[in-house]
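Structure, as structure tokens:
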Amino acid sequence: MGELLITGRYELRHHLDAGAPQDSLAAFTDPAAARDIALYDAAGNYRPLRTAPTLKRGWRLSLATIEQLRDALDAFYPAMLAARLAFDQGRLAVTPLRETLARQSGMYAVTRKISNPNADALIGTFCRSDCACLKTILWPIAADIPITSLPPDKFHPTPDPAIIPLLCAEACNLLVARAREVVKQSAP
């Protein structure tokens with residue numbers, strides 16, 4: 001799930017620490033530790049987007065129950081388990097970017113003016129899995145306008161039942177804020 005690897009009975013660690021000896025990793029047993037681990041990157045910088053590929057390494061979280069595992073996963077990736085369940089049940093509402101922008105008011109109302117090419121270019125840089133966000137995008141720019149600036153695998157949840165994808169049903173507030181900047185910069 002994202003940058004997490006679930007090992008053993010209910011143990012979590014960064015997937016890049018898969019082969020690290022247990023005694024080389026900081027050990028935690030309280031699911032609340034997940035929030036603290038996920039809050040800052042390795043350099044100590046705040047992580048405003050939990051699905052950014054910047055989760056720090058060097059820890060393991062050993063939990064006693066499936067409930068604790070769910071709590072920890074929700075702390076690492078808020079609402080992602082619920083989104084996956086809703087997706088699997090065909091109940092996940094997906095909102096195109098244009099609908100998200102149409103709801104904006106106040107200083108964000110200007111985001112409605114972003115052109116489709118500028119929106120596509122912005123998404124292509126802002127939502128990249130290698131450096132920005134690990135979520136699988138389910139929404140288009142508009143019902144009849146797909147996103148073309150990212151590779152096709154960014155839009156299709158993995159069919160592998162051993163992988164829990166992070167699903168993006170609607171553009172996040174960080175992307176909306178960046179769209180505002182793009183519009184402001186392109187204004188005459």
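The values are calculated or read from the model by the stated rules, or taken from the named source; none is laboratory data. Keep in mind that what you see is a predicted model, and the values were worked out from it rather than measured. Positions of Cβ are generated from backbone atoms using ideal geometry, with glycine treated the same way; all protein chains shown enter the neighbour counts.
Of note:
- Exactly one residue out of 79, 83, 177, 169 is hydrophobic (A, V, I, L, M, F, W, C) and either more than 20 Å from residue 2 (Cβ to Cβ) or touching an Asp or Glu at 6+ places or on another chain (Cβ under 9 Å) (or both): that is 177.
- Residue count, region 31-47 (criterion: touching a residue at least 12 places away in the same chain (Cβ under 8 Å) and of a type outside the set (A, V, I, L, M, F, W, C)): 4
- Some residue of region 66-85 being on the phi > 0 side of the Ramachandran plot and touching a residue at least 12 places away in the same chain (Cβ under 8 Å): no
- Pairs, first in the same structural domain as residue 122 (by TED's automatic domain parsing) and aromatic (Phe, Trp, Tyr) in region 135-148, second at pLDDT 95 or above and assigned to a loop (DSSP other than H, G, I, E, B), C-beta under 7 Å, six or more apart: 139/94; 139/95; 139/96; 139/169; 139/170; 139/171
- Every residue from region 66-80 that is surrounded by fewer than 16 Cβ atoms within 10 Å (Cβ to Cβ) and either touching a helix residue (DSSP H, G or I) at 6+ places or on another chain (Cβ under 7 Å) or of a type in the set (Asp, Glu) (or both): 67, 70
- Within the option set 164, 141, being in contact with an Asp or Glu (Cβ under 7 Å, 6 or more places away or on another chain) and of a type in the set (A, V, I, L, M) holds for one residue only, 141.
- Single condition residue 123 does not satisfy, out of (1) more than 17 Å from residue 51 (Cβ to Cβ); (2) surrounded by 14 or more Cβ atoms within 10 Å (Cβ to Cβ): (1)
- Scope region 48-65; condition free of Cβ contacts under 8 Å to residues at least 40 places away in the same chain and touching a helix residue (DSSP H, G or I) at 6+ places or on another chain (Cβ under 7 Å); matching residues: 50
- Set 164, 114, 145: member being touching a helix residue (DSSP H, G or I) at 6+ places or on another chain (Cβ under 7 Å), surrounded by fewer than 18 Cβ atoms within 10 Å (Cβ to Cβ) and of a type outside the set (Lys, Arg): 145
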